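Peer 1: To start, I am sharing the structure in question, which I have written as structure tokens.
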Protein chains: 2
Amino acid sequence: MSEHLDLENWTCPVPLRDYPSIVLGHGGGGRLSGDLIRHLFVPAFTGGADGTPLAQLGDGALVEAGGARLAMSTDTFVVRPRFFPGGNIGDLAVNGTVNDLAMCGATPLYLTVGFVLEEGLPLAELGLIVDTMAAAARMAGVQIVTGDTKVVDAGHGDGLYVTTAGVGLVPDGVRVGPDQVRPGDVVLVSGPIGLHGIAVMSVREGLEFGADIVSDTAPLGGLVAALLGAGIRVHALRDPTRGGLAATLHEIAGSSQVGVEIAESALPVPPEVRAACGFLGLDPMYVANEGKLVAFVAPEDAARALDILRANPLGAGAVAIGTAVADHPEVVVARTPIGGTRVVDLPLAEQLPRIC
Amino acid sequence: MSEHLDLENWTCPVPLRDYPSIVLGHGGGGRLSGDLIRHLFVPAFTGGADGTPLAQLGDGALVEAGGARLAMSTDTFVVRPRFFPGGNIGDLAVNGTVNDLAMCGATPLYLTVGFVLEEGLPLAELGLIVDTMAAAARMAGVQIVTGDTKVVDAGHGDGLYVTTAGVGLVPDGVRVGPDQVRPGDVVLVSGPIGLHGIAVMSVREGLEFGADIVSDTAPLGGLVAALLGAGIRVHALRDPTRGGLAATLHEIAGSSQVGVEIAESALPVPPEVRAACGFLGLDPMYVANEGKLVAFVAPEDAARALDILRANPLGAGAVAIGTAVADHPEVVVARTPIGGTRVVDLPLAEQLPRIC
């Protein structure tokens, strides 16, 4: 550390000072991640202003350039292992940013790619990952337009980290965001949950769950375009990645100042995910997905929205799981099969680090 | 490595197969970097098509969205140490992408930020870096609109890596790129070279060069706007970062199919940089800069362009260093003070790894 570095110059804001150093949970999508964003990144980058794109705290930012309404997003991937059932870090990185743009209601158009390669990474492995990214970009209908590559000495990376960023075009009249959510909105999820996180865990922990569980990594732009194109009043969209469905519902409830009530029995948890979660001591609501969306839609449109989702192979398992309610704003509750309710908490950190 | 990973499926193209694994030089901005881009990334991401934005191989890509002409760029930073005389990885990351956008002739507007944090990074250090990024963004007139943070286990990073990506708006009528370069164009550089690379090396190697050499990290959008606003016929712009002035002139000569002839005696090398380079066995033409631009301008406009650059504190040391020539396309030659000429080669790798 250089003599020019005077750490005393910087005062750590509450509640961050409970953790004087970065811990894994700061990247986990739970409360620690949220603290870092709200109390460190946002105040610095917005200068405290409320109306800035960053202060919106969505999956992406809505901006304007040359008269065009654009969405911008970025996602960094450090998943370990880099190859897992159903995909690798390459399609994850493309789909991750594509989906963040789609969740803004945008048509994803262009991606950039930044690599941190570790000395010693086999070129053939890089080649496979790059080919996977190219195939994922073609499938999502986006162009990878520019990139950058840095190499770090052996022992200072983990093979390969990749950051994608993207730009999408928000169609005229489309306005999707937590501020649009109203009590009564129906909460839809586009298919079975928990697959990505469990697929990665199964490889990492050397577990065999009997059935093959594969990641659901997939581009969601088509589902969003179908909903918006049919005039469905979509109020909020989010893909439940890190922190799973629980973190996503929390985010929307927090940003939109509504409560969310879901029916536990309605959650689309595949039996093999439920079995693996039981074995690992995990709750499927907190496990990451990489090819699912959560939509808050106007109640009159909910049935039609489900039909539209189900007509697409990526939304074949779509179901309604609950509603937005005026009671208990910012709180997510689950109705249990025996008629009780429990509060769905936001975990401090994620259950599974380095899952994406 | 997973059972799902079949490296035999991927055949390494010539000349990449000389290096079956990633070496530091693949990130160095020299010939190894170029091979990786030309023979691995570009064929995969363009599908072999010539006219795509990626195939342009500039500092950024020119794209269209909703009728707006946009520039997009990304830069990944792994500089070691993270704090050095004159700056830290934070302002480097903001200025790096801002400058890539400016080199497309664009007005930089919006940035995204992706962090890879290593477990154990002091929060106060992250806070200082983030504050520096915020200040750099304000100075450059750009907004940081969204970001992502991942955390990797101790021993799998190096404190902090950061990837910025950005969007800029290309003003109507502006068309800057190597394909615009003509023989006779005058080559300008906006000030003294070699400062950034030597500043970082001085800290890393614990060297004392007598005089304090500080990084030149700075946003170049203002210089570009001044040139274009005054109607200077700017044909190509590039910021000579990794690989220094030599790599930049090579890139432009290669893309524009002209030769470049520079006068060694005209190169603005500060005495302390020359002394440090002598001590370290480096050529200042290959040392990275982070706040300089190289402009190829129409000969009739060269004198006025110099006046405009010099009127700005960031271009106070601007000089003409040579011309584009019809002879020896793609080759850069330097006239030596004793009247001879030498070919300025592109090095295989960079002299200084992890300089940005």
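Peer 1: Of the residues in region B:138-175, how many are at the interface with chain A (Cβ under 7 Å from one of its Cβ atoms), within 23 Å of A:Thr11 (Cα to Cα) and within 20 Å of the chain's Cα centre (by Cα)?
Peer 2: So the answer is 1.
Peer 1: Now a separate question. I'm trying to understand the selection: among the residues of region A:33-46, which are more than 7 Å from every other protein chain (Cβ to nearest Cβ) and out of contact with any strand residue (DSSP E or B) (no Cβ under 9 Å at 6 or more places or on another chain)?
Peer 2: A:Gly34, A:Asp35, A:Arg38, A:His39, A:Val42, A:Pro43, listed by residue number.
Peer 1: Just wondering, is there one or more residues in region B:74-92 that are more than 7 Å from chain A (Cβ to nearest Cβ), over 16 Å from the mean Cα position of the chain (by Cα) and acidic (Asp, Glu)?
Peer 2: no
Peer 1: Let me confirm something: among B:Ala124, B:Ala134, which residue is at pLDDT below 95, facing chain A (nearest Cβ under 9 Å), more than 16 Å from the chain's Cα centre (by Cα) and farther than 30 Å from B:Ala266 by Cα? Explain how you work it out, then say what you get.
Peer 2: Details: B:Ala134 fails: at pLDDT below 95.
Exactly one of B:Ala124, B:Ala134 is at pLDDT below 95, facing chain A (nearest Cβ under 9 Å), more than 16 Å from the chain's Cα centre (by Cα) and farther than 30 Å from B:Ala266 by Cα, namely B:Ala124.
Peer 1: Then there's this: Out of curiosity, is B:Val234 among the β-branched types (Val, Ile, Thr), buried (at least 22 other Cβ atoms within 10 Å of the Cβ), touching a residue at least 12 places away in the same chain (Cβ under 8 Å) and out of contact with any Cys (no Cβ under 6 Å at 6 or more places or on another chain)?
Peer 2: yes
Peer 1: Okay, moving on. Name the single residue that is nearest to B:Ala246 (Cα to Cα) among those in region B:25-52 being surrounded by fewer than 23 Cβ atoms within 10 Å (Cβ to Cβ) and in contact (Cβ under 8 Å) with a residue 60 or more places away in the chain.
Peer 2: My answer is B:Arg31.
Peer 1: Which residue out of A:Val224, A:Val203, A:Val234, A:Val187 is touching a Pro at 6+ places or on another chain (Cβ under 6 Å) and not assigned by TED's automatic domain parsing to the domain that holds A:Val79? Write out each step before concluding.
Peer 2: On the way: A:Val224 fails: touching a Pro at 6+ places or on another chain (Cβ under 6 Å); A:Val234 fails: touching a Pro at 6+ places or on another chain (Cβ under 6 Å); A:Val187 fails: touching a Pro at 6+ places or on another chain (Cβ under 6 Å).
Residue meeting the stated conditions: A:Val203.
Peer 1: Then there's this: Determine which single condition B:Val214 fails, assuming it passes every other condition in (1) crowded, with 18+ Cβ neighbours inside 10 Å; (2) touching a helix residue (DSSP H, G or I) at 6+ places or on another chain (Cβ under 7 Å); (3) over 21 Å from B:Asp75 (Cα atoms).
Peer 2: If we test B:Val214 against (1) crowded, with 18+ Cβ neighbours inside 10 Å; (2) touching a helix residue (DSSP H, G or I) at 6+ places or on another chain (Cβ under 7 Å); (3) over 21 Å from B:Asp75 (Cα atoms), just (1) comes out false.
Peer 1: Then there is this: Just to check your reading of the model, which residue among A:Pro183, A:Pro108, A:Pro122 is out of contact with any Asp or Glu (no Cβ under 8 Å at 6 or more places or on another chain) and free of Cβ contacts under 8 Å to residues at least 60 places away in the same chain?
Peer 2: On the way: A:Pro183 fails: free of Cβ contacts under 8 Å to residues at least 60 places away in the same chain; A:Pro108 fails: free of Cβ contacts under 8 Å to residues at least 60 places away in the same chain.
From the options A:Pro183, A:Pro108, A:Pro122, the qualifying one is A:Pro122.
Peer 1: Just for region A:48-73: of the residues that are in contact with a helix residue (DSSP H, G or I) (Cβ under 7 Å, 6 or more places away or on another chain) and facing chain B (nearest Cβ under 7 Å), which one is farthest from A:Gly254 (Cα to Cα)?
Peer 2: In this case the residue turns out to be A:Ser73.
Peer 1: Counting only residues that are buried (at least 16 other Cβ atoms within 10 Å of the Cβ) and not acidic (Asp, Glu), give me the strands (runs of 3 or more DSSP E) lying completely in region B:245-356 with at least 3 of them. Spell out how you get there, then give the answer.
Peer 2: Values: elements: B:259-263, B:294-297, B:319-325, B:332-335, B:341-343.
Ranges flagged: B:259-263, B:294-297, B:319-325, B:332-335.
Peer 1: Let me ask something else. Checking A:Asp100 against (1) of a type in the set (Asp, Glu); (2) facing another protein chain (nearest Cβ under 7 Å); (3) surrounded by 24 or more Cβ atoms within 10 Å (Cβ to Cβ), only one condition comes out false. Which one?
Peer 2: If we test A:Asp100 against (1) of a type in the set (Asp, Glu); (2) facing another protein chain (nearest Cβ under 7 Å); (3) surrounded by 24 or more Cβ atoms within 10 Å (Cβ to Cβ), just (2) comes out false.
Residue by residue, here is whether (1) under 28 Å from B:Val79 (Cα atoms); (2) over 21 Å from the mean Cα position of the chain (by Cα); (3) among the β-branched types (Val, Ile, Thr); (4) not assigned by TED's automatic domain parsing to the domain that holds B:Arg182 holds:
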residue	(1), (2), (3), (4)
B:Val258	no, no, yes, no
B:Gly278	yes, yes, no, no
B:Met285	yes, no, no, no
B:Ala288	yes, no, no, no
B:Arg304	no, yes, no, no
B:Ile321	no, no, yes, no
B:Val332	no, no, yes, no
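Peer 1: A further question on this structure: Specify the residue that is surrounded by the fewest Cβ atoms within 10 Å (Cβ to Cβ); the eligible residues are those in region B:11-24 that are among the aliphatic types (A, V, I, L, M) and either more than 7 Å from chain A (Cβ to nearest Cβ) or under 16 Å from A:Lys150 (Cβ atoms) (or both). Give the derivation first.
Peer 2: First, pick out the residues of region B:11-24 that are among the aliphatic types (A, V, I, L, M): B:14, B:16, B:22-24.
Now restrict to residues that are either more than 7 Å from chain A (Cβ to nearest Cβ) or under 16 Å from A:Lys150 (Cβ atoms) (or both): B:14, B:22-24.
Working: B:Val14: 9, B:Ile22: 27, B:Val23: 20, B:Leu24: 18.
Taking the candidates together, the pick is B:Val14.
Peer 1: Kindly evaluate A:Arg69 against the criterion of being within 18 Å of the chain's Cα centre (by Cα), at pLDDT 90 or above and of a type in the set (Lys, Arg). Break it down into steps so the answer makes sense when it comes.
Peer 2: Working: within 18 Å of the chain's Cα centre (by Cα): no; at pLDDT 90 or above: yes; of a type in the set (Lys, Arg): yes.
No: the conditions fail for A:Arg69.
Peer 1: Continuing with the same structure: How many residues does region A:45-54 contain that are within 19 Å of the chain's Cα centre (by Cα) and more than 17 Å from B:Asp131 (Cβ to Cβ)?
Peer 2: Within region A:45-54, the subset within 19 Å of the chain's Cα centre (by Cα) is A:53-54.
Narrowing further to those that are more than 17 Å from B:Asp131 (Cβ to Cβ): A:53.
Matching residues across region A:45-54 total 1.
Peer 1: A further question follows. Quick one: in region A:1-44, of everything that is polar (S, T, N, Q) and assigned to a loop (DSSP other than H, G, I, E, B), which residue is nearest to the chain's Cα centre (by Cα)?
Peer 2: Going through region A:1-44, the residues polar (S, T, N, Q) turn out to be A:2, A:9, A:11, A:21, A:33.
Right, trim to assigned to a loop (DSSP other than H, G, I, E, B) and you get A:2, A:11.
Working: A:Ser2: 37, A:Thr11: 31 Å.
This residue is A:Thr11.
The values are calculated or read from the model by the stated rules, or taken from the named source; none is laboratory data. Worth saying up front: this structure is predicted, and the values here are computed from it rather than measured. Counting neighbours? That spans all protein chains shown, and the Cβs are built from the backbone with ideal geometry, glycine included.
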